[in-house]
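The values are calculated or read from the model by the stated rules, or taken from the named source; none is laboratory data. All values reported here derive from a predicted model rather than from experimental measurement. Heads up, the Cβs are rebuilt from the backbone with ideal geometry, glycines too, and the neighbour counts pull from every protein chain shown.
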Amino acid sequence: MTKLDIENQILPLEFFFQDYNKKKQRTLPMTFEIVVRTLRNNQDARIELPNDNYVAELVKKFDGDDWIEYDYEIVDVEDEYNIFNSFKLYGFESLDKLNELATRIDELCSNDHSIKILQSASEVYMNIDEVLELMESDALELYENQEPDDIAEWYVDEGWYGDISDKLIMYIDYEKMGRDLMMGGNLHETKNGILEEM
């Protein structure tokens, strides 16, 4: 087990790659506030997604006007984590699609770490459906406050490169190995840390 000396404390390297599901859980559902405008009379209404009754809410807000089929545009989206705007969704998607995405995001992003994974993925991927599929299959991980050489050392310690004798370990150049990992396409530097697609 590799150990790092941090401020006179010896911590196992695995400490930095602990189970992130234990991070602070969200207590409220994630909501997206959508501003919808009718094209017929330029009237605006706000709704929150995910919402199983958004059609009925909008018909009521627009005085029973049956415009849902075709006669609207989405003019604004607000959410605490700026997810819809990061993926540039609101100008191009239907309300049904936005509601479906909001539901999936709310189910997947149960803690601060999973929200950071989604935010980081928006810097790397253009398609939110692809990102949500990767998250649903646990194929994305975010290493916060880590450098590529830390991840390279962790890979070696975890046996990703097979059993390496103690005599050879001292010759491994983790910095160079980390750079190679970054150029390999599975690791991506983001504002929140290093995002890995597994």
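Filter the strands (runs of 3 or more DSSP E) completely within region 1-78 down to those with at least 3 residues that are modelled with pLDDT under 60. Working first, answer last.
Numbers: elements: 3-6, 9-12, 32-38, 44-49.
Where strands (runs of 3 or more DSSP E) fall fully within region 1-78 and carry at least 3 residues being modelled with pLDDT under 60, they are 3-6, 9-12.
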Any chance Asn82 is surrounded by fewer than 18 Cβ atoms within 10 Å (Cβ to Cβ) and under 18 Å from Pro29 (Cα atoms): yes
Filter pass, Ile105 being part of a helix (DSSP H, G or I) and surrounded by 13 or more Cβ atoms within 10 Å (Cβ to Cβ): yes
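Looking at this structure, is Lys191 of a type in the set (Lys, Arg), modelled with pLDDT of 90 or more and either in the same structural domain as Ile117 (by TED's automatic domain parsing) or closer than 24 Å to Asn111 by Cα (or both)? Let's see the steps before the verdict.
Numbers: of a type in the set (Lys, Arg): yes; modelled with pLDDT of 90 or more: yes; either in the same structural domain as Ile117 (by TED's automatic domain parsing) or closer than 24 Å to Asn111 by Cα (or both): yes.
Answer is yes for this residue.
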Test for Glu133: is it modelled with pLDDT under 95 and either in the same structural domain as Asp79 (by TED's automatic domain parsing) or closer than 29 Å to Phe87 by Cβ (or both): no
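Please work out if Leu187 is touching a residue at least 40 places away in the same chain (Cβ under 8 Å) and touching a strand residue (DSSP E or B) at 6+ places or on another chain (Cβ under 8 Å). Can you show your working first?
Numbers: touching a residue at least 40 places away in the same chain (Cβ under 8 Å): no; touching a strand residue (DSSP E or B) at 6+ places or on another chain (Cβ under 8 Å): yes.
Against the criterion (touching a residue at least 40 places away in the same chain (Cβ under 8 Å) and touching a strand residue (DSSP E or B) at 6+ places or on another chain (Cβ under 8 Å)), Leu187 does not qualify.
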